[in-house]
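Working notes, structure below.
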Amino acid sequence: MLALLHQTHAPFVVTVLAMVFTAKRPTVAVADAHAEINDALEQLRNVGYGDEDSQPLPVGNARDLCRQWVQAGWLVRQVSDDDTEVYRLSAYGVGALEVAGRVGAARTRVSESRVRTLLEAIERLAQDADPDLMSRMVRLHEEIQQRQKELTRLEKGGAVETVDDEQLLEAAENVLHLARELPADFARVAESIKAIQRDVVAELRHDVRPTGEVLREYLARGQRILDATPEGRAFAGALRLIGDPLQIDSLWGQLRTVLRHRFTELLPLQQRRELTEISRRIEHGVREVLAAQRQASHVITTQVRNHDPMRDRQVDELLRDVMSGLHRWVPGSRRGEAIEPLRRLPVADIGHLRQRTNDPRLPQPPAPLRDWDESDDMPTADTRAWGGPRYAELRAHLQAFAGGAASVDVVAAFRVADEEIQRPVDLLGLLEVAHGAGMTETTEVVVVETVRPDRTRRRFALGGAVAANPAVVDRSGDDE
């Protein structure tokens, strides 16, 4: 931040950054930022800036300047959620703009509002630090008596004590002074989280410790990343106060009440705009920190899941070999020397590899089919037993089980059927027959035991079903 404020072109850099990045536009697309900065440079050069006798301007176009500012740590280049490259101010850039804004704005005075804020903060600190129960009770009783006395006076028709516009202006300036510190604080928290992310990923790639230990430590650290830095712990405490949507709505309502008062007409337009945007800046700061936390946890978790030490070592060794080759080739090369590119990777001559490793014996053809004599009995019974549903037998059994009733319990009918039609496929076939007759499902879950042709049993869970009697359905169809 100090390097930005002390450099030769600080007026230009601070002015351009304040023009491009505002509270309503914290991130700007890379192409848009370059276009706006190039336009500002062109306008300044057209009116004489950059000459020998005038204020100097930095050398280069907007792309070069933004690259320098990213390297200096004043800007951050990242990819947004919609896969667009954007710039945003770093914590140092936000701090520099806040310092420049305070210097360029009206001078902050030692006012009654600021002194009252200081005294109230000291009083709250003393109360929180004092564990004495009796002292706390005495203070609460005094506060209750004061509040009750004021309430009684108002109920008897007393007038509300008004505050003159000068004191309200002092209080508004104090509020703006406190609010200007928030964006830099939020940016510092977000950047501290991203610094932890980089450290974690770098240590995971080094693969110094056992993988299990790295997994346990850094997965837990990724889930509790806000507790890892002083800025994060401070933000977690503040989040309990400003993270509640009802609290934000109440803050916005209070700001509207202030802006409706006549004393705000005495404020400059810029200060009125800052008052209006306080709640929005807080919401944006909270979202920025939470987004940084989610991204860091996602990156750490992805690195842990996809971390392959062997592959990383191979890549590192390959890169070192490439750099060593360049170091050997560069001293003996000439400027502009043509290099024959490697158009395809060499193929290793390894001959023929065995394709099957499970059985060293050569594959054998299948055994020939047995000649069949027409006089032999075909195993039709066994074939039918393993075949599909026996719809005729199932329909007849369902009608017999229903008797003269209009409806029948499908599961109960299946349970009392013969074993020949209690196969798993017959259960499906019976449900098909019941569906054709008109079936209604119930909410009850029942378990049915089936018998396969080899006498093994299988259990199935299904919903209860009640079907119309197939015989009644047939008679009604004949009548029609």
Which residues' amide hydrogens lie under 5 Å from the amide hydrogen of Y49, considering only partners 5 or more residues apart or on another chain, with H built in the peptide plane?
none
Magnitude of the charge dipole, the range 2-104, Cβ model with Lys/Arg +1 and Asp/Glu -1, debye to 20:
340
Using 0.36 nm per residue of separation minus the Cα-Cα distance, give me the extension gain between L462 and R328 in nm, one decimal.
40.8 nm
Order of Y87, Y391 from fewest to most other C-beta atoms within 10 Å?
Y391, Y87
Taking the Cβ of each residue in R370, R180 as the centre, tally the other Cβ atoms inside 10 Å and list the residues starting with the fewest.
R370, R180
How big is the gap, in Å, between the Cα center of the range 59-73 and the Cα center of the range 286-341?
24
Provide the gained length on full extension for the span R205 to E419, in nm with one decimal, where the gain is 0.36 nm per separating residue minus the Cα-Cα distance.
70.7 nm
According to a simple spin-label model (label point 7 Å from Cα along Cα-to-Cβ), what is the distance in nm between A405 and E166?
9.7
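None of the figures in this text is laboratory data; all of them are computed from the coordinates on show. These numbers were taken from a predicted model, which means no experiment stands behind them. When we count neighbours, we look across all protein chains shown, and the Cβ atoms used for this are built from the backbone with ideal geometry, even at glycine.
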